[in-house]
1. Within the range 44-66, how many residues are of a type outside the set (S, T, N, Q), within 20 Å of Asn280 (Cα to Cα) and in contact with a strand residue (DSSP E or B) (Cβ under 8 Å, 6 or more places away or on another chain)?
2. Kindly indicate the residue of the range 67-88 that is of a type in the set (D, E, K, R) and more than 28 Å from Leu283 (Cα to Cα) and also modelled with the highest pLDDT among those meeting that condition.
3. Does Thr242 satisfy the condition of being free of Cβ contacts under 8 Å to residues at least 24 places away in the same chain, out of contact with any helix residue (DSSP H, G or I) (no Cβ under 7 Å at 6 or more places or on another chain) and closer than 21 Å to Asn280 by Cβ?
4. Answer yes or no as to whether Ile325 is open to solvent by less than 40 Å² (accessible area, probe 1.4 Å), within 25 Å of Lys410 (Cβ to Cβ), in contact with a strand residue (DSSP E or B) (Cβ under 8 Å, 6 or more places away or on another chain) and not small (Gly, Ala, Ser).
5. Restricting to the range 338-359, count the residues that are open to solvent by 60 Å² or more (accessible area, probe 1.4 Å) and either of a type in the set (D, E, K, R) or at negative phi (or both).
6. Do we have Ala300 as closer than 21 Å to Lys44 by Cβ, in contact (Cβ under 8 Å) with a residue 40 or more places away in the chain and not in a strand (DSSP E or B) here?
7. Looking at the range 390-399, can you tell me whether even one residue there is surrounded by 15 or more Cβ atoms within 10 Å (Cβ to Cβ), part of a strand (DSSP E or B) and not polar (S, T, N, Q)?
8. Specify which of the listed residues (Ala272, Ala284) is under 22 Å from Ile411 (Cα atoms), at pLDDT 95 or above and not acidic (Asp, Glu).
Amino acid sequence: MKNLIILVALFISAIIHAQFTVTLSSAQSKAGSDAYLYTLNGSKDVLSSKAVNSKNKWVFKVPDSYVGMLRVYIPEGNNSVNLISENKNIEASYLMKGDKISEVNYIDETNKTMNDIQDIQRKKEIILPALYQMNDFYTSKSPFKTAINEEIVRLSQNITYDASKHPFIDFYNSNYKKFLAPDATTPKVEEKDIINFIANSSEMLETSSLLKPILVSYLNNAPKADVSKSIDNLLNAVNIETPRGQTVLSELIEIFDTYDMADLKAKYLAEAMNLKCTINDRLAGTIAISKNLEIGAKFANYTFTNAFNTKAKSIYDVKASKKIILFWASTCSHCEAEIPKLIEKYAQMKAQNIQIIGLSVDNDKDSYERRIKDLPWINDAQLRGWNSTYAETYNVHATPTYYILDQDNKIIAKPNHVGDVLNFLNLK
């Protein structure tokens, strides 16, 4: 009897901690060395595991049950493959063009079904209207018209799937359509509908990537006269002393930060910091980053990867009376509008022992290196785009982003635009 009890316990444990594997492969030799598997919590990637390339294949073992979005990140070439999990084995392969992934083949049933649904949806939105217009230019006997009509019929149909067999696919697609992409057949969504959905959804809400865009939509549709009231209604319903409520509060604070809603950020960040209950990791991280980037806080050091125009090894090694930290990208149009004004004043800055340190969120080496040839200050890049470690460390949501530090690396200003930088430094 004792052995039977042990076997039953092991069986129950295996169900609770159901393991599945994620296998990603490429037939091409330039597939990279290490790769990283991320799960999702709200809009934040959470590192799950690391795998080493073996014969152009990575195999990730996921020890715990997980249903939701996954992402495999390959640092070489800054490549990512997006997947979904329904707690079953996952398999995909890909082709490359140069150092970039050009095509992904989803092999397991879950990801193949999800990809087919999204492929049809994209084509419905973009290609189907064009096909209807093209159809009018061809006669009924034209072979091309026949082909167009066949494609119109195909794209007009919905892919059917068993919702009980694919719970995450059903959760994602039904709620995406309801809250983010309604059509003429979708009932109008009221504020109370969104509150009810966020408060009562399963854990798939946090792993679906839907939470942040739904919150943005909620804020956009809130009465302009009293947005705070709508926010309070939502937070009261989700209860910020619960993990769900704290994740929602964290997402809101980050949205306020991204869209320069300073008053709302200050109000709800204070509310988060005044909580007396246990705080989950997500909200604790948001609070910590905000504290670390307040005026007067010491700016976290960063060790350069491959810095230009300096022999310094890190931000702290750069000796200057003031430092302008500039987060930028060669593909950023706002950066291209503001950087020339910094170049114009750079000689004056150097005369006053002011240094600029540019940290790029580029992912293309050639475009980055072409651009920095014209930039006289210190520049560094991990060439990992928004996967660069400093994007999260320094809470960078957009480019350009500026911080001004004193000689002790304390934050003394967080200007919004280059004009604010020059005004703060009295550079006319």
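The values are calculated or read from the model by the stated rules, or taken from the named source; none is laboratory data. Everything numeric in this text was worked out from a predicted model, so none of it was measured. Virtual Cβ from ideal backbone geometry, glycine too; neighbours counted across all protein chains shown. These area figures cover heavy atoms from the full protein model, side chains too; ligands, DNA and RNA do not enter into them. Shrake-Rupley method; radii C 1.70, N 1.55, O 1.52, S 1.80 Å.
1. Here is the first cut: in the range 44-66, the residues of a type outside the set (S, T, N, Q) are 44-47, 50-52, 55, 57-64, 66.
Cutting the leftovers down to within 20 Å of Asn280 (Cα to Cα) gives us 44-47, 64, 66.
Okay, now just the ones that are also in contact with a strand residue (DSSP E or B) (Cβ under 8 Å, 6 or more places away or on another chain), so 45-47, 66.
Of the residues in the range 44-66, 4 are of a type outside the set (S, T, N, Q), within 20 Å of Asn280 (Cα to Cα) and in contact with a strand residue (DSSP E or B) (Cβ under 8 Å, 6 or more places away or on another chain).
2. Here the answer is Lys88.
3. Considered against the rule, which asks whether it is free of Cβ contacts under 8 Å to residues at least 24 places away in the same chain, out of contact with any helix residue (DSSP H, G or I) (no Cβ under 7 Å at 6 or more places or on another chain) and closer than 21 Å to Asn280 by Cβ, Thr242 comes out as yes.
4. Taking the combined requirement at face value, the residue satisfies it.
5. Qualifying residue count, the range 338-359: 9.
6. yes
7. No, that holds for no residue.
8. Ala284
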